[in-house]
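A short write-up of the structure that comes next.
The values are calculated or read from the model by the stated rules, or taken from the named source; none is laboratory data. Because the structure is predicted, anything quoted here is derived from the model rather than measured. Every residue, glycine as well, gets a Cβ built from its backbone with ideal geometry; the counts of neighbours run over all protein chains shown. For accessibility, only protein heavy atoms count, side chains too; no ligands or nucleic acids. Shrake-Rupley method; radii C 1.70, N 1.55, O 1.52, S 1.80 Å.
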Amino acid sequence: MTVPRRPDVMTPRHVDVLVVGAGPAGLAAAARLAAAGAGHVEVLEREARPGGVPRTCAHGGFGTWTHPLTGPGYARLLTEAAERAGATVRTGVTALDWAPTGPVLTTVGPGGPETVTARAVVLATGARERPRPARLVPGTRPAGVYTTGELQQAVHLFGQHIGTRAVVVGATDVSYAAADTVRAGGAEVVALVTEHPRAQTARARAARLRHGVPLLTDTTVTELLGHGRLSGVRVRHRDGRTAILPCDTVVFTGDFVPDHELARRGGLALDPGTRGPAVAGSLHTSRPGVFAAGNVLHAVEPAGTAAREGARAAGAVLDFLAGAPWPAPGVPVTVEPPLRWIAPNRVAPAAPPVPHVLRTGVPLHRPVLYVRQDGRLLHHERLRTALPDRTLTLTARWHGRVDPGGGEVRVSTG
(Lines give C-alpha, C1' and ligand atoms only; values in the text may rest on other atoms or scores of the structure.)
Protein backbone atom coordinates (compact mmCIF):
# COMPACT_ATOMS: atom_id res chain seq x y z
CA MET A 1 0.00 0.00 0.00
CA THR A 2 1.29 3.45 -0.91
CA VAL A 3 1.34 5.84 2.04
CA PRO A 4 0.63 9.46 1.02
CA ARG A 5 3.50 11.80 1.79
CA ARG A 6 2.84 14.32 4.53
CA PRO A 7 3.25 17.80 3.02
CA ASP A 8 5.16 19.03 6.07
CA VAL A 9 7.85 16.33 5.88
CA MET A 10 10.97 17.32 3.97
CA THR A 11 12.54 14.46 2.02
CA PRO A 12 16.35 14.92 2.18
CA ARG A 13 18.40 14.35 -0.97
CA HIS A 14 22.04 14.89 -1.87
CA VAL A 15 23.61 16.08 -5.11
CA ASP A 16 27.12 17.18 -5.93
CA VAL A 17 26.22 20.47 -7.62
CA LEU A 18 22.82 22.17 -7.47
CA VAL A 19 22.14 24.81 -10.12
CA VAL A 20 19.16 27.09 -9.40
CA GLY A 21 17.71 28.40 -12.64
CA ALA A 22 17.57 26.80 -16.10
CA GLY A 23 18.26 29.88 -18.19
CA PRO A 24 21.39 30.35 -20.32
CA ALA A 25 23.73 30.76 -17.32
CA GLY A 26 22.41 27.77 -15.40
CA LEU A 27 22.26 25.42 -18.38
CA ALA A 28 25.75 26.39 -19.58
CA ALA A 29 27.13 25.82 -16.08
CA ALA A 30 25.39 22.46 -15.80
CA ALA A 31 26.61 21.31 -19.20
CA ARG A 32 30.26 22.06 -18.40
CA LEU A 33 30.08 20.61 -14.90
CA ALA A 34 28.44 17.38 -16.00
CA ALA A 35 30.80 16.96 -18.95
CA ALA A 36 33.79 17.47 -16.63
CA GLY A 37 32.66 14.69 -14.28
CA ALA A 38 31.53 16.85 -11.36
CA GLY A 39 29.21 14.07 -10.17
CA HIS A 40 25.46 14.40 -9.83
CA VAL A 41 24.62 17.82 -11.33
CA GLU A 42 21.01 18.90 -10.93
CA VAL A 43 19.25 21.99 -12.29
CA LEU A 44 16.09 23.35 -10.67
CA GLU A 45 13.67 25.46 -12.72
CA ARG A 46 10.41 26.84 -11.37
CA GLU A 47 8.87 27.25 -14.84
CA ALA A 48 7.28 24.31 -16.66
CA ARG A 49 10.05 24.24 -19.29
CA PRO A 50 13.78 25.05 -19.18
CA GLY A 51 15.48 27.70 -21.29
CA GLY A 52 14.79 30.92 -19.40
CA VAL A 53 13.76 34.10 -21.17
CA PRO A 54 15.01 33.05 -24.65
CA ARG A 55 12.27 30.43 -24.98
CA THR A 56 9.68 33.25 -25.09
CA CYS A 57 11.66 35.35 -27.60
CA ALA A 58 10.52 34.45 -31.12
CA HIS A 59 13.02 36.84 -32.73
CA GLY A 60 16.53 35.92 -33.87
CA GLY A 61 19.84 37.23 -32.62
CA PHE A 62 20.78 34.24 -30.46
CA GLY A 63 23.56 31.73 -30.97
CA THR A 64 26.58 32.73 -33.07
CA TRP A 65 27.17 34.58 -36.33
CA THR A 66 27.71 31.27 -38.11
CA HIS A 67 24.77 29.51 -36.40
CA PRO A 68 22.09 32.18 -35.74
CA LEU A 69 19.06 30.98 -33.80
CA THR A 70 15.73 32.22 -32.53
CA GLY A 71 15.24 32.36 -28.77
CA PRO A 72 13.35 29.03 -28.55
CA GLY A 73 15.99 27.34 -30.71
CA TYR A 74 18.75 28.68 -28.48
CA ALA A 75 16.89 27.50 -25.36
CA ARG A 76 16.51 24.00 -26.82
CA LEU A 77 20.20 23.92 -27.77
CA LEU A 78 21.32 24.77 -24.24
CA THR A 79 18.86 22.34 -22.64
CA GLU A 80 19.92 19.47 -24.91
CA ALA A 81 23.60 20.20 -24.24
CA ALA A 82 23.09 20.04 -20.47
CA GLU A 83 21.07 16.84 -20.61
CA ARG A 84 23.40 15.20 -23.12
CA ALA A 85 26.33 15.92 -20.78
CA GLY A 86 24.50 14.08 -18.00
CA ALA A 87 22.90 16.87 -15.95
CA THR A 88 19.41 16.37 -14.53
CA VAL A 89 16.99 19.21 -15.31
CA ARG A 90 13.93 19.33 -13.02
CA THR A 91 11.14 21.75 -13.92
CA GLY A 92 8.25 23.02 -11.83
CA VAL A 93 10.53 23.10 -8.76
CA THR A 94 11.02 26.25 -6.69
CA ALA A 95 13.90 26.84 -4.29
CA LEU A 96 12.39 28.47 -1.21
CA ASP A 97 15.06 29.01 1.42
CA TRP A 98 18.37 27.93 2.91
CA ALA A 99 19.31 25.90 5.93
CA PRO A 100 21.27 27.91 8.54
CA THR A 101 24.64 26.45 7.45
CA GLY A 102 26.16 24.92 4.35
CA PRO A 103 24.84 24.71 0.77
CA VAL A 104 21.44 23.26 1.77
CA LEU A 105 18.21 24.42 0.11
CA THR A 106 14.56 23.71 0.82
CA THR A 107 12.48 23.28 -2.33
CA VAL A 108 8.94 22.45 -3.38
CA GLY A 109 7.80 20.79 -6.58
CA PRO A 110 5.35 18.25 -7.97
CA GLY A 111 6.61 15.63 -5.53
CA GLY A 112 6.18 17.87 -2.50
CA PRO A 113 8.75 19.64 -0.30
CA GLU A 114 12.38 18.54 -0.19
CA THR A 115 15.65 19.42 1.45
CA VAL A 116 18.53 19.26 -1.02
CA THR A 117 22.13 19.26 0.17
CA ALA A 118 24.96 19.92 -2.25
CA ARG A 119 28.71 20.26 -2.24
CA ALA A 120 28.29 23.44 -4.29
CA VAL A 121 25.40 25.66 -5.43
CA VAL A 122 25.27 27.88 -8.52
CA LEU A 123 22.69 30.65 -8.35
CA ALA A 124 21.50 31.46 -11.88
CA THR A 125 18.10 32.92 -11.02
CA GLY A 126 18.27 35.66 -13.66
CA ALA A 127 16.47 38.99 -13.63
CA ARG A 128 12.99 40.40 -13.99
CA GLU A 129 11.45 43.65 -15.14
CA ARG A 130 9.94 45.97 -12.60
CA PRO A 131 6.14 45.65 -12.79
CA ARG A 132 3.85 48.67 -12.90
CA PRO A 133 3.47 48.96 -9.05
CA ALA A 134 7.25 49.10 -8.56
CA ARG A 135 7.46 51.91 -11.13
CA LEU A 136 4.96 53.93 -9.05
CA VAL A 137 2.61 54.62 -11.96
CA PRO A 138 -0.73 55.66 -10.40
CA GLY A 139 -4.23 54.91 -11.64
CA THR A 140 -6.69 52.05 -11.52
CA ARG A 141 -5.86 48.33 -11.75
CA PRO A 142 -7.30 47.41 -15.16
CA ALA A 143 -6.57 44.37 -17.31
CA GLY A 144 -4.20 44.87 -20.22
CA VAL A 145 -1.05 45.85 -18.28
CA TYR A 146 2.07 43.76 -19.06
CA THR A 147 5.81 43.59 -18.64
CA THR A 148 7.77 42.30 -21.64
CA GLY A 149 8.10 38.85 -20.10
CA GLU A 150 4.39 38.59 -19.35
CA LEU A 151 3.60 39.74 -22.89
CA GLN A 152 5.95 37.21 -24.50
CA GLN A 153 4.53 34.36 -22.46
CA ALA A 154 0.95 35.38 -23.26
CA VAL A 155 1.58 35.58 -27.01
CA HIS A 156 4.32 33.04 -27.75
CA LEU A 157 3.59 30.37 -25.12
CA PHE A 158 -0.19 30.57 -24.72
CA GLY A 159 -1.31 32.11 -28.02
CA GLN A 160 -3.43 34.78 -26.37
CA HIS A 161 -4.93 37.77 -28.17
CA ILE A 162 -3.79 40.69 -26.02
CA GLY A 163 -5.89 43.58 -27.33
CA THR A 164 -6.15 45.97 -30.26
CA ARG A 165 -4.14 49.11 -29.43
CA ALA A 166 -0.96 49.07 -27.34
CA VAL A 167 1.46 51.62 -25.89
CA VAL A 168 4.99 50.35 -25.24
CA VAL A 169 6.96 52.13 -22.51
CA GLY A 170 10.66 52.29 -23.40
CA ALA A 171 12.83 52.72 -26.51
CA THR A 172 15.50 50.03 -26.23
CA ASP A 173 16.07 46.82 -28.18
CA VAL A 174 13.79 45.08 -25.66
CA SER A 175 11.07 47.67 -26.32
CA TYR A 176 11.13 47.11 -30.07
CA ALA A 177 11.11 43.35 -29.56
CA ALA A 178 8.04 43.90 -27.37
CA ALA A 179 6.47 45.94 -30.19
CA ASP A 180 7.01 42.98 -32.55
CA THR A 181 5.36 40.70 -29.99
CA VAL A 182 2.41 43.11 -29.73
CA ARG A 183 1.88 42.81 -33.49
CA ALA A 184 2.19 39.03 -33.28
CA GLY A 185 -0.57 39.17 -30.65
CA GLY A 186 -2.88 40.95 -33.07
CA ALA A 187 -2.60 44.50 -31.76
CA GLU A 188 -1.45 47.81 -33.25
CA VAL A 189 1.40 49.71 -31.60
CA VAL A 190 0.04 53.19 -30.93
CA ALA A 191 3.34 54.62 -29.72
CA LEU A 192 6.57 53.97 -27.87
CA VAL A 193 7.10 56.32 -24.95
CA THR A 194 10.50 57.10 -23.45
CA GLU A 195 11.74 59.61 -20.92
CA HIS A 196 15.01 59.85 -22.85
CA PRO A 197 15.62 62.30 -25.72
CA ARG A 198 15.97 59.49 -28.30
CA ALA A 199 15.91 55.71 -28.81
CA GLN A 200 18.68 54.18 -26.75
CA THR A 201 20.46 51.98 -29.29
CA ALA A 202 21.21 52.07 -32.99
CA ARG A 203 19.34 48.80 -33.40
CA ALA A 204 16.26 50.31 -31.76
CA ARG A 205 16.42 53.40 -33.97
CA ALA A 206 16.70 51.18 -37.06
CA ALA A 207 13.68 49.17 -35.92
CA ARG A 208 11.71 52.37 -35.49
CA LEU A 209 12.46 53.42 -39.06
CA ARG A 210 11.70 49.93 -40.39
CA HIS A 211 8.31 49.66 -38.71
CA GLY A 212 7.33 53.33 -38.61
CA VAL A 213 6.38 53.19 -34.94
CA PRO A 214 5.60 56.62 -33.44
CA LEU A 215 8.20 57.48 -30.79
CA LEU A 216 7.40 60.01 -28.07
CA THR A 217 10.69 61.14 -26.51
CA ASP A 218 11.17 63.17 -23.32
CA THR A 219 7.81 61.73 -22.24
CA THR A 220 6.66 59.70 -19.25
CA VAL A 221 3.50 57.71 -18.50
CA THR A 222 1.94 59.33 -15.46
CA GLU A 223 -1.38 57.48 -15.06
CA LEU A 224 -3.28 54.40 -16.22
CA LEU A 225 -6.94 54.94 -17.06
CA GLY A 226 -9.92 52.64 -17.24
CA HIS A 227 -11.98 50.27 -15.09
CA GLY A 228 -12.08 46.57 -15.83
CA ARG A 229 -9.99 47.06 -18.99
CA LEU A 230 -7.37 49.69 -19.74
CA SER A 231 -8.83 52.54 -21.79
CA GLY A 232 -5.78 54.79 -22.10
CA VAL A 233 -2.65 56.22 -20.54
CA ARG A 234 -1.94 59.78 -19.53
CA VAL A 235 1.50 61.03 -20.56
CA ARG A 236 3.49 64.13 -19.65
CA HIS A 237 6.09 65.72 -21.90
CA ARG A 238 9.21 67.33 -20.49
CA ASP A 239 7.80 70.82 -21.16
CA GLY A 240 4.80 70.06 -18.92
CA ARG A 241 2.20 69.34 -21.61
CA THR A 242 -0.03 66.33 -20.95
CA ALA A 243 -2.08 64.14 -23.25
CA ILE A 244 -4.12 60.93 -23.19
CA LEU A 245 -3.25 58.07 -25.54
CA PRO A 246 -6.30 55.81 -26.04
CA CYS A 247 -5.26 52.13 -25.79
CA ASP A 248 -6.36 48.85 -24.26
CA THR A 249 -2.85 47.48 -23.65
CA VAL A 250 0.32 48.93 -22.15
CA VAL A 251 3.68 47.14 -21.98
CA PHE A 252 6.34 48.28 -19.51
CA THR A 253 9.76 47.30 -20.86
CA GLY A 254 13.29 47.48 -19.48
CA ASP A 255 14.13 48.58 -15.92
CA PHE A 256 15.42 45.13 -15.01
CA VAL A 257 16.39 44.09 -11.49
CA PRO A 258 18.18 40.88 -10.40
CA ASP A 259 15.93 38.11 -9.13
CA HIS A 260 17.91 38.11 -5.90
CA GLU A 261 15.38 36.94 -3.29
CA LEU A 262 17.11 33.60 -2.78
CA ALA A 263 20.52 35.28 -2.57
CA ARG A 264 19.18 37.73 0.00
CA ARG A 265 17.57 34.98 2.08
CA GLY A 266 20.88 33.14 2.04
CA GLY A 267 22.65 36.12 3.58
CA LEU A 268 24.86 36.68 0.54
CA ALA A 269 26.55 40.08 0.34
CA LEU A 270 24.76 42.14 -2.33
CA ASP A 271 26.36 44.89 -4.37
CA PRO A 272 24.55 48.23 -3.82
CA GLY A 273 24.81 49.14 -7.49
CA THR A 274 23.68 45.96 -9.25
CA ARG A 275 21.62 44.72 -6.27
CA GLY A 276 22.81 41.23 -7.16
CA PRO A 277 25.39 39.09 -5.32
CA ALA A 278 28.79 40.77 -4.99
CA VAL A 279 31.42 38.78 -6.90
CA ALA A 280 34.89 39.00 -8.38
CA GLY A 281 35.76 37.49 -11.74
CA SER A 282 35.77 33.95 -10.34
CA LEU A 283 32.05 34.35 -9.42
CA HIS A 284 32.45 33.17 -5.79
CA THR A 285 29.84 34.78 -3.52
CA SER A 286 30.33 35.68 0.13
CA ARG A 287 28.86 32.33 1.23
CA PRO A 288 31.30 29.39 0.96
CA GLY A 289 30.18 26.82 -1.57
CA VAL A 290 27.81 29.22 -3.35
CA PHE A 291 28.55 30.74 -6.77
CA ALA A 292 26.48 33.08 -8.95
CA ALA A 293 26.31 33.69 -12.69
CA GLY A 294 24.18 35.42 -15.30
CA ASN A 295 21.70 38.21 -14.90
CA VAL A 296 21.23 37.71 -11.18
CA LEU A 297 24.56 39.60 -11.10
CA HIS A 298 23.68 42.41 -13.50
CA ALA A 299 20.27 43.19 -14.87
CA VAL A 300 20.41 42.76 -17.72
CA GLU A 301 22.97 41.47 -20.27
CA PRO A 302 22.45 39.34 -23.42
CA ALA A 303 21.88 35.59 -23.20
CA GLY A 304 25.33 34.89 -24.65
CA THR A 305 26.98 36.87 -21.85
CA ALA A 306 24.98 34.93 -19.26
CA ALA A 307 25.94 31.60 -20.84
CA ARG A 308 29.64 32.50 -20.86
CA GLU A 309 29.44 33.44 -17.18
CA GLY A 310 27.72 30.14 -16.43
CA ALA A 311 30.60 28.26 -18.06
CA ARG A 312 33.13 30.38 -16.13
CA ALA A 313 31.31 29.70 -12.85
CA ALA A 314 31.48 25.99 -13.65
CA GLY A 315 35.28 26.25 -13.88
CA ALA A 316 35.40 27.84 -10.42
CA VAL A 317 33.09 25.14 -9.05
CA LEU A 318 35.36 22.40 -10.42
CA ASP A 319 38.36 24.00 -8.70
CA PHE A 320 36.39 24.19 -5.44
CA LEU A 321 35.33 20.54 -5.66
CA ALA A 322 38.98 19.63 -6.25
CA GLY A 323 39.95 21.27 -2.95
CA ALA A 324 40.72 24.90 -3.80
CA PRO A 325 40.21 27.13 -0.72
CA TRP A 326 37.39 29.66 -0.63
CA PRO A 327 38.89 33.06 -1.52
CA ALA A 328 38.74 36.27 0.46
CA PRO A 329 36.04 38.74 -0.66
CA GLY A 330 38.46 41.04 -2.45
CA VAL A 331 38.39 44.81 -2.87
CA PRO A 332 34.99 46.38 -3.71
CA VAL A 333 34.63 48.19 -7.04
CA THR A 334 32.04 50.98 -7.13
CA VAL A 335 30.95 53.63 -9.62
CA GLU A 336 30.17 57.32 -9.31
CA PRO A 337 27.16 59.00 -10.97
CA PRO A 338 26.15 59.19 -13.74
CA LEU A 339 27.38 55.59 -13.91
CA ARG A 340 24.86 53.21 -12.34
CA TRP A 341 26.60 49.90 -11.68
CA ILE A 342 29.55 47.70 -12.59
CA ALA A 343 30.08 43.93 -12.64
CA PRO A 344 32.12 42.09 -11.49
CA ASN A 345 32.22 44.43 -8.50
CA ARG A 346 35.13 42.91 -6.60
CA VAL A 347 38.82 42.52 -7.46
CA ALA A 348 40.55 39.55 -5.85
CA PRO A 349 44.16 38.43 -6.41
CA ALA A 350 43.18 34.86 -7.31
CA ALA A 351 40.27 35.80 -9.57
CA PRO A 352 40.70 35.90 -13.36
CA PRO A 353 41.03 39.46 -14.73
CA VAL A 354 37.81 39.44 -16.76
CA PRO A 355 36.50 42.69 -18.29
CA HIS A 356 33.81 44.60 -16.43
CA VAL A 357 30.39 45.52 -17.79
CA LEU A 358 28.76 48.72 -16.62
CA ARG A 359 25.88 51.07 -17.37
CA THR A 360 25.29 54.81 -17.38
CA GLY A 361 22.14 56.62 -16.33
CA VAL A 362 22.43 59.43 -18.90
CA PRO A 363 23.86 59.75 -22.43
CA LEU A 364 27.60 60.46 -22.49
CA HIS A 365 29.57 61.50 -25.58
CA ARG A 366 32.91 59.65 -25.80
CA PRO A 367 33.39 59.50 -22.02
CA VAL A 368 36.71 58.76 -20.34
CA LEU A 369 36.55 56.23 -17.54
CA TYR A 370 38.94 56.80 -14.64
CA VAL A 371 39.79 54.01 -12.18
CA ARG A 372 41.14 55.17 -8.81
CA GLN A 373 41.96 53.65 -5.45
CA ASP A 374 42.58 55.88 -2.43
CA GLY A 375 43.07 58.83 -4.80
CA ARG A 376 45.64 56.98 -6.91
CA LEU A 377 44.90 56.73 -10.63
CA LEU A 378 45.13 53.09 -11.71
CA HIS A 379 43.81 53.34 -15.25
CA HIS A 380 41.85 55.45 -17.71
CA GLU A 381 40.33 54.69 -21.10
CA ARG A 382 38.02 56.42 -23.56
CA LEU A 383 34.80 54.80 -24.71
CA ARG A 384 32.49 55.45 -27.59
CA THR A 385 29.24 57.29 -26.98
CA ALA A 386 27.50 55.75 -23.99
CA LEU A 387 23.72 55.47 -23.74
CA PRO A 388 21.46 54.26 -20.94
CA ASP A 389 20.45 50.58 -21.23
CA ARG A 390 23.48 49.89 -23.41
CA THR A 391 26.40 47.77 -22.21
CA LEU A 392 29.74 49.50 -21.66
CA THR A 393 32.95 47.51 -21.20
CA LEU A 394 35.94 48.37 -19.02
CA THR A 395 39.12 46.33 -19.49
CA ALA A 396 40.82 44.59 -16.57
CA ARG A 397 44.38 45.66 -17.36
CA TRP A 398 44.51 47.65 -14.12
CA HIS A 399 43.75 44.74 -11.75
CA GLY A 400 47.43 44.13 -11.05
CA ARG A 401 47.80 47.70 -9.71
CA VAL A 402 45.09 47.30 -7.06
CA ASP A 403 46.35 47.26 -3.45
CA PRO A 404 44.62 44.24 -1.80
CA GLY A 405 44.82 46.01 1.56
CA GLY A 406 43.63 49.39 0.27
CA GLY A 407 40.23 51.03 0.05
CA GLU A 408 37.54 50.47 -2.54
CA VAL A 409 38.23 51.04 -6.20
CA ARG A 410 36.09 53.79 -7.73
CA VAL A 411 35.23 54.18 -11.40
CA SER A 412 34.14 57.62 -12.59
CA THR A 413 33.82 59.72 -15.73
CA GLY A 414 35.93 62.58 -14.38
What number does segment 17-138 give for Rg over Rh if you use C-alpha atoms and the Kirkwood radius?
1.03
Mind listing the long-range amide H neighbours of residue 160? Cut-off is under 5 Å, sequence gap 5 or more, other chains count too, H placed in the peptide plane at 1.01 Å from N.
155
Say a paramagnetic label sat at a point 7 Å from the Cα of residue 231, along Cα to Cβ; which residues of segment 130-161 have their backbone N under 17 Å from it?
139-145
Label-point separation (nm) for residue 91 and residue 130, each offset 7 Å from Cα along Cα-to-Cβ?
3.2 nm
Relative contact order of the chain (C-alpha contacts under 8 Å, at least 6 apart) in percent is 14 percent
Going by average Cβ neighbours within 10 Å, how do the peptides 369-375, 20-26, 237-243, 137-143 rank, with the highest at the top?
20-26, 369-375, 137-143, 237-243
For the chain, take the convex hull of the Cα atoms, compute a quarter of its surface area, and give me that in nm², please.
23.0 nm²
Taking 8 Å as the Cα distance limit and 6 or more residues as the minimum spacing, I'd like the relative contact order of segment 13-136 as a percentage.
32 percent
Amide H to amide H under 5 Å from residue 69: which residues, 5+ apart in sequence or cross-chain, H placed 1.01 Å off N in plane?
61, 62, 63, 64
Of the DSSP beta bridges with both residues in the chain, give the percent that are antiparallel, rounding to the nearest 5.
55 percent
Note to self, the chain gives a 222 nm [θ] from helices alone (DSSP H runs n ≥ 4, -39500 (n - 2.57) apiece, / all residues, nearest 500) of -5500 deg cm²/dmol
Whole-percent tail of the Cα-Cα distance distribution for segment 305-414, cut at 23 Å, equals 33 percent
So if each residue of separation counts as 0.36 nm, and I subtract the Cα-Cα distance between residue 141 and residue 328, what length gain in nm does that give?
62.5 nm
Around residue 220: net Lys/Arg minus Asp/Glu count, Cβ-Cβ under 9 Å
0
How big is the charge dipole of segment 356-398 about its Cα centre, in debye rounded to the nearest 20, if each Lys and Arg gets +1 on its Cβ and each Asp and Glu gets -1 on its Cβ?
120 debye
From the Cα gyration tensor of segment 25-88, with a ≥ b ≥ c the square roots of its eigenvalues, which class applies: rounded if a/c is under 1.5, or else prolate if a/b is larger than b/c, or else oblate?
oblate
Karplus couplings for segment 281-298 from phi (6.51 cos²θ - 1.76 cosθ + 1.60, θ = phi - 60°), rounded to Hz, Gly and Pro as x?
x, 7, 6, 6, 8, 7, 9, x, x, 10, 10, 9, 7, x, 6, 5, 8, 7
Using the crude model of +1 on Lys and Arg Cβ and -1 on Asp and Glu Cβ, and no other charge, please compute the dipole size for the chain relative to its Cα centre, in debye to 20.
720 debye
Per residue value of the accessible surface for segment 93-231 (all protein chains in place, 1.4 Å probe), Å²:
43 Å²
Rounded to the nearest whole Å², what accessible area per residue is found for segment 255-396 with the 1.4 Å probe?
39 Å²
Cβ-Cβ cut-off under 12 Å around residue 123, Lys and Arg +1, Asp and Glu -1: the net charge is 0
hull vol. (C-alpha, convex hull) per residue for segment 96-199, Å³ -> 185 Å³
Which FRET efficiency value, to the nearest 0.05, do you get for residue 46 and residue 188 by plugging their Cβ-Cβ distance into 1/(1 + (r/R0)^6) with R0 = 30 Å?
0.35
Kirkwood Rh over alpha-carbon pairs of segment 144-299 plugged into Stokes-Einstein at 20 °C, 1.002 mPa s gives a D in µm²/s of 124 µm²/s
If you roll a 1.4 angstrom probe over the protein chains with everything in place, what fraction of the accessible area of the chain belongs to carbon and sulfur, to the nearest %?
55 percent
How charged is the neighbourhood of residue 246? Take every other residue with its Cβ under 14 Å from the Cβ of residue 246, and add Lys/Arg as +1 and Asp/Glu as -1.
0
Compute the distance in nm between two label points, each set 7 Å from the Cα along the Cα-to-Cβ direction, one at residue 413 and one at residue 395.
2.2 nm
Suppose we keep just the alpha-carbon trace of segment 211-327; what are its Rg and Dmax in angstrom?
21.3, 64
